[in-house]
Amino acid sequence: MFPSRFRYEAPTSIEEAIALLGANEDAKVLAGGQSLIPMMKLRFANPALLVDINNIPDMGYHRADADGSFRIGALCRHADLEKSTILREHQPLLAAAAPLVADPIVRSRGTFVGSVCHADPQGDWAACMVALGGSIIAQGPNGKRAVEVKDFVSGPFTTVLARDEIAIEGVVPSAQGTRTGGYLKLERRVGDFATAAVAVSLDMSGGVVKNAGIGLVGVGAQTIDASEAAAALIGSSLDDDAVDRAAELAAAASNPRGDHRGSADYKRHIISTFVTRIIANVQRSEMQVA
Amino acid sequence: MTSLFEELQPAAAAEVQTTRVDIKINGEYKAAQIEPRLLLAHLIRNGFRLTGTHTGCDTTNCGACTVLMDGAPVKSCTVFAVQANGHEVTTVEGLATASELHPIQEGFKDEHGLQCGFCTPGMMMSAKALLDENLNPTEDEVRWALSGNLCRCTGYQNIVKAVLWAAAKMRGEAPPTFGAPADDSADEIADDSAEQPEERSDEAAIADDSAGGEG
């Protein structure tokens with residue numbers, strides 16, 4: 001099984017890559033390729049030109065900046081994040097999700113930013129970024145712009161990236177207090193599409209939730225931002241009432257379809273259970289620290 | 001040299017973009033003139049004639065085609081060969097030397113880590129990637145590292161044992177005897193394969209039965 005013919009360019013600078021995208025009607029960026037290449041083999045995607053960005057230097061980074069933001073370059077692989085101590089230190093939600101993306105072999109090649117750009121409703125990272133209020137930095141011929149991931153993903157497998165723009169970086173904003181959170185995913189086996197998954201991010205200060213976000217995976221046509229559910233947590237001390245309310249609202253925000261992985265009701269139940277469970281895990285680990 | 005457009009008439013072939021790639025594979029430098037759409041798995045198997053790498057599902061699921069690219073495990077059916085240009089690739093053929101099996105291969109042999117053998121090259125390369133980073137993995141870590149490789153025969157049990165066996169051997173310890181209580185590792189087994197058949201006769205017999213009886 002192999003894709004239809006395409007032309008291949010491997011530029012060594014972002015500017016060159018952007019120019020190639022601008023000059024070609026039907027071009028696609030190749031980063032890790034762990035979603036794009038399978039789709040090309042199945043001929044779901046038939047780009048005329050592939051612009052391989054793997055030879056562009058200095059894009060494999062991930063780092064915590066002095067202003068508290070966390071930045072992930074376009075060629076940072078899932079495996080880099082899975083092994084990262086600074087990620088564990090600064091971004092507990094991303095650290096919890098990293099080992100659950102696809103399988104170990106795919107993780108050594110696939111990229112964080114590429115996963116967000118693929119905009120699969122089953123994608124783990126887009127949901128995490130939605131929960132964290134994260135953005136994608138897109139660079140085009142006229143410079144850079146930041147787009148919040150909740151606005152970046154415009155539909156299934158669709159983003160607002162212009163034809164001649166490249167997503168060069170993911171940015172997670174600084175925490176309002178101490179950042180905590182977690183990610184839970186139900187999958188029948190490693191590497192399968194998730195039945196459902198939930199990303200919860202909480203910024204806590206003095207036992208009170210200052211900021212919260214909840215992203216839902218696999219329960220709608222695109223990544224779902226359960227903002228009302230998250231709002232139910234803000235200002236609370238994660239008391240049972242607030243958590244129950246958030247779990248209920250998260251389930252209500254989901255829009256699952258019944259399939260061979262489970263009925264719609266079952267998936268809604270998973271969503272509310274996972275919200276409750278992630279928060280319980282957070283509370284338990286905080287008790288251990290205290 | 002290899003290409004994917006051998007069936008084309010010269011006029012048509014002239015329209016097709018081809019690229020030269022230089023790849024260091026199992027320590028040897030090789031070059032090929034290829035179409036960009038050629039997958040690394042196909043270059044390895046059909047171009048370089050290294051057929052130890054298997055293509056199983058062809059859909060990024062099974063991991064049978066796993067090779068190491070610059071030391072990291074990749075599914076070679078999900079990397080274009082052109083992307084390996086200038087990189088170093090290790091396939092299962094790169095494990096053994098002319099005279100000796102790699103400890104991972106020995107482990108698979110000793111612990112019956114395969115039945116039909118189709119997934120084995122991928123399993124071994126994932127195991128290699130794990131042991132290159134962590135020579136002292138727990139059973140959980142082995143299972144986690146192999147979770148991208150599917151095996152439809154063994155139920156994974158013996159594969160996990162094989163990797164733990166190899167890890168012990170590579171640490172310079174006596175390979176573990178499975179089935180004995182876990183903490184008996186202090187009971188040194190002589191590192192001598194002559195002693196192994198007796199130790200393992202029961203397990204070997206069971207494995208042979210099931211292979212013969214149920215296929």
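Every number in this text was worked out from the coordinates using simple rules, so none of it is lab data. As the structure is a prediction and not an experimental result, all values here were calculated from the model. Please note: Cβ atoms are built from the backbone with ideal geometry, for glycine as well, and neighbour counts cover all protein chains shown.
Observations on the structure shown:
- Links that overshoot a 29 Å alpha carbon limit, given the list A:41/B:24; A:28/A:150; A:41/A:144; B:24/B:128; B:75/B:169; A:83/B:24: A:41/A:144
- Spin-label model distance (nm) - residue B:174 vs residue A:88, 7 Å beyond Cα toward Cβ: 3.4
- Segment A:89-145 versus segment A:158-215: alpha-carbon centroid distance in Å: 8
- The length gained on full extension between residue A:280 and residue A:160, counted as 0.36 nm times the residue separation minus their Cα-Cα distance, comes to 39.6 nm.
- For segment B:10-94: relative contact order, % (alpha-carbon pairs under 8 angstrom, 6 or more apart): 35
- Only Cα pairs under 8 Å and 6+ residues apart enter the sum, and on that basis the relative contact order of segment A:135-290 stands at 17 percent.
- Remark: spin-label model distance residue A:43-residue A:5 equals 1.5 nm, labels positioned 7 Å along the Cα→Cβ axis.
- By the compact-protein rule of thumb, 2.2 N^0.38 Å, the alpha-carbon radius of gyration of chain A corresponds to a ratio of 1.00.
- Restricting the calculation to Cα atoms, segment A:113-266 yields a radius of gyration followed by a Dmax of 16.0, 50 Å.
- Plainly put, segment A:178-289 has a radius of gyration that is 0.98 times its Kirkwood radius, both from alpha-carbon atoms, as the Rg/Rh ratio.
- At 1.567 mPa s and 4 °C, Stokes D of segment A:62-172 from Kirkwood alpha-carbon radius, µm² per second: 93
- Tail weight of P(r) past 22 Å, computed on alpha-carbon pairs of segment B:1-150, percent: 41
- Relative contact order of chain A, taken over Cα pairs closer than 8 Å and 6 or more residues apart, is 15 percent.
- Partner shielding of A:33-43 amounts to 4, given as the average count of beta-carbon atoms from other chains within 10 Å of each residue beta-carbon.
- Residue A:67/residue A:255 FRET efficiency (R0 41 Å; Cβ-Cβ; nearest 0.05): 0.70
- GluC sites (Glu not before Pro) restricted to segment A:1-89 and DSSP loop, no more than 13 other C-beta within 10 Å: A:25
- Label-to-label distance, nm, for residues given as residue B:22 and residue A:13 (7 Å Cα→Cβ offset): 2.4
- With all pairs of different C-alpha atoms in the average, the Kirkwood value for the hydrodynamic radius of the protein assembly as shown is 24.6 Å.
- Within segment B:10-94, the percentage of alpha carbon pairs spaced more than 22 angstrom apart rounds to 21%.
- The simple Förster model, with R0 at 22 Å and r as the Cβ-Cβ distance, assigns residue B:29 and residue B:132 a FRET efficiency of 0.50.
- Per-peptide average of other Cβ atoms within 10 Å, ordering A:220-230, B:65-75, B:120-130 highest first: B:120-130, B:65-75, A:220-230
- Angle between chain A longest axis and helix A:264-289 axis [Cα atoms, degrees, rounded to 10]: 70
- A straight chain from residue A:228 to residue A:187 at 0.36 nm per residue would run longer than the Cα-Cα distance by 12.2 nm.
- The share of Cα pairs per 5 Å bin across segment A:232-290, counted from zero up to the longest distance, runs 4, 20, 23, 20, 14, 10, 6, 3, 0 percent.
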